[in-house]
Each structure stands twice: as structure tokens, then as C-alpha cells.
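> Following this message is one structure expressed as C-alpha cells.
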Amino acid sequence: MLSVVPFIGLLGVGVQLVWPAACTFQMLVKGEKGETKIVQWTIYWVIYLLYTFVERNLIFFLIPYFPLYSELKVLAFLWLIHPEFQGAAFLWYKFLEKPHKMADEMMVEKLDKTFGSVVNQMISHKRKEDFDKARTDKDE
């Protein structure tokens, strides 16, 4: 495999795992609020996992035939994580949010139709139990 950058594998690990893990950890531990940060790192990790699966299971035999593959991969992942570009959040807001919202609404409707009566029965039964318990506690 042709590569012009020394230690491109190590650089790839840093760009794909170390920096995103540190940023995700910082966001979670410091409790930094903001929908964009949460979306950025959630979507990044989904993209990373999907890409890694595809790369290791489906296209692994093609990689040696593409010159500068590692460099292009590092650049793509750098675009996804760089704070100025926030490529993962961009992909979510530009291409993925609307289809996901439509699919989510359809799924909620189907689940509500399927399990709605069961859930309503469980809720009403729980409320009745709570009401009966409160009444017996009051009587004592």
C-alpha cells in the first residue's frame, strides 16, 4: 500500500479514536450542554462503527489497490471531527435528520397501535394500584 505520510497508521488511530474519545469524554464529564455537541459525537461514533465494519468485512481486499487510501481516510475522519467543520453534525443536520424523524414517527405510530392498548392497560392498572394503596394508607 502506497503511503507518503510516515506513521499514517498511528496518525489514523489518533484521528479516529484518541481525539474523538477525549472530546466525547470531556463533553460527558464536564457536562457541556448543547445539542450540536451531543449530535456531533453521537453521529461520529455511529459513522465510525459503520465504516469500520464495512472496511474490515466488505472492502478489506480492495484497500491495497487504492493509492493513498490511508491518507484519504485520515482526511475524511479529520473533517468529521474537526471543531471548525463538525462534519458529523453537518451530515446529520443536512442529510440524516429528516429521514430519521419520518422513520421515527412511523415507528412510534406502529408501536402505539401495537402496544398502545397494553401500555394503557398497564398504566390504568398501576394508577388503580396507587390509588388503592393511597386510600388504604389514608384509612390507617
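> Thinking of the stretch 1-48 as a set of Cα atoms, what percent of all their pairs are more than 14 Å apart?
In whole percent, the share of Cα-Cα pairs in the stretch 1-48 beyond 14 Å is 57.
> Next question, about the same structure. Hey, how many Å between the Cα centroid of the stretch 8-45 and the Cα centroid of the stretch 48-69?
A separation of 22 Å, based on Cα centres.
> Per-residue counts of other Cβ atoms within 10 Å, averaged by peptide: what ranking do you get for 6-17, 56-67, highest first?
6-17, 56-67
> Another question, if that's okay. Taking Rh as the Kirkwood radius computed over C-alpha pairs, what is the Stokes-Einstein D of the stretch 1-113 at 10 °C in a medium of viscosity 1.306 mPa s, expressed in µm² per second?
In µm²/s, the coefficient rounds to 100.
Computed from the coordinates by the stated procedures, all read-outs in this text should not be read as laboratory data. Please read all numbers here as calculations on a predicted model, not as lab measurements. Cβ: placed from backbone, ideal geometry, glycine included. Neighbour counts: every protein chain shown.
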